[in-house]
Every structure is written in C-alpha cells, then in structure tokens.
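The values are calculated or read from the model by the stated rules, or taken from the named source; none is laboratory data. In this text, all values refer to a predicted model and were calculated from it rather than measured experimentally. Here the Cβ is made from the backbone with ideal geometry for all residues, glycine too, and neighbour counts use every protein chain on show.
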Amino acid sequence: MARFTQLVVDCGGPAALALFWAAALDDFEIRGYDDAEIARLAAMGRTPESDPCVIVDGPTFEICFQEVATLPSGKRAVHLDISTSNRPLERDRLVSLGATIVQEFDDHTWMRDPEGNDFCIVDE
C-alpha cells in the first residue's frame with residue numbers, strides 16, 4: 001500500500017507562499033537550510049528567499065512549493081481544506097497573513113492564499 005507524503009503546489013514565489021502556509025497551519029514549518037543546501041542554491045545564483053523549491057514539513061506530510069514559469073488561470077482542480085473550532089477568528093488571522101475571502105457559507109469559508117490558490121476553512 002502507498003501513503004500520502006507530499007503535496008506539490010506550483011507557484012510563482014515559493015518562499016513567500018511557503019511562509020504563508022507555514023504560518024497558516026499548526027505544526028508545519030519551513031524546512032531549514034544547511035550549509036550544503038545554501039551552497040547549492042548559491043551555485044545557481046539563488047538564496048533561500050529565491051529558492052525555486054521550498055519544503056514545508058508537517059506532522060504527517062510535507063508541502064513542496066515549486067516555482068513554475070506559467071501558472072494556469074482560472075479555478076484549479078484541487079484545493080486544501082483546513083478545519084478550525086473558531087472559523088471567524090481563523091479567517092481574520094489568515095486575512096492578516098495575506099489571504100482573501102471569496103465567499104462565506106454556513107459551514108465553511110472559501111478563501112484564496114496570497115497567490116490566488118483556493119482553499120476553504122471548515123468548521124470542526
């Protein structure tokens with residue numbers, strides 16, 4: 001059997017989007033950079049802030065934010081749902097991090113992250 005280990009998100013600015021999601025989700029954090037990784041990036045003319053592939057580690061899976069030259073327009077086929085016991089408070093916190101509200105529903109809020117990717121906050 002297989003198990004889910006990584007979600008890959010195509011984006012324009014991996015470091016910034018990784019910062020948003022690391023702050024948005026409990027127990028997720030940006031994977032640290034050791035000297036060898038910093039040297040590898042430098043050889044490509046990059047830094048951790050311009051890394052084309054940033055990993056956010058979580059308790060059971062990781063999210064890989066990978067830079068792509070062209071993003072699809074319109075609604076994407078996959079989005080994240082995150083749950084909370086206090087949706088209004090969480091919604092406001094995520095807006096302060098750069099998310100936008102698309103629409104409120106009785107049991108969830110449809111939002112977009114700073115790059116326009118859809119996600120929902122659902123009631124626990």
Within the range 96-107, restricting to residues that are at pLDDT 95 or above and touching a strand residue (DSSP E or B) at 6+ places or on another chain (Cβ under 7 Å), the one that is nearest to Gly13 (Cα to Cα) is Ala99
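For (1) of a type in the set (A, V, I, L, M, F, W, C); (2) modelled with pLDDT of 95 or more; (3) crowded, with 19+ Cβ neighbours inside 10 Å, each residue gets a yes or a no:
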position	(1), (2), (3)
Pro14	no, yes, yes
Leu19	yes, yes, yes
Phe28	yes, yes, no
Pro52	no, yes, no
Worksheet item: Residue check: is Ser96 within 23 Å of Phe4 (Cα to Cα) and outside the structural domain of Ala39 (by TED's automatic domain parsing)?
Response: no
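Can we say Thr70 is at pLDDT 95 or above and among the β-branched types (Val, Ile, Thr)?
In short, no.
Which of the residues that make up the range 39-54 are closer than 13 Å to Cys11 by Cα and hydrophobic (A, V, I, L, M, F, W, C)?
Step one: filter the range 39-54 for residues closer than 13 Å to Cys11 by Cα, giving 50-54.
Within the range 39-54, Cys53, Val54 meet the criteria.
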Among residues of the range 73-85 being surrounded by 12 or more Cβ atoms within 10 Å (Cβ to Cβ) and in a loop (DSSP other than H, G, I, E, B), the residue modelled with the highest pLDDT is His79
Restricting the range 113-124 to residues that are buried (at least 16 other Cβ atoms within 10 Å of the Cβ) and not acidic (Asp, Glu), the one farthest from Leu80 (Cα to Cα) turns out to be Pro114
Next item on the list: Determine whether Gly116 is modelled with pLDDT under 95, not aliphatic (A, V, I, L, M) and not assigned by TED's automatic domain parsing to the domain that holds Leu25.
Entry: yes
For the range 52-67, state whether one or more residues are in contact with a Gly (Cβ under 8 Å, 6 or more places away or on another chain) and part of a strand (DSSP E or B).
yes
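Among the residues of the range 113-124, how many are farther than 15 Å from Asp92 by Cβ and either free of Cβ contacts under 8 Å to residues at least 60 places away in the same chain or of a type in the set (Val, Ile, Thr) (or both)? Walk me through how you get there before you give the answer.
First pass over the range 113-124, keeping only residues farther than 15 Å from Asp92 by Cβ: 113-120, 122-124.
Narrowing the set further to residues that are either free of Cβ contacts under 8 Å to residues at least 60 places away in the same chain or of a type in the set (Val, Ile, Thr) (or both) leaves 116, 118-120, 122-124.
Total satisfying the criteria: 7.
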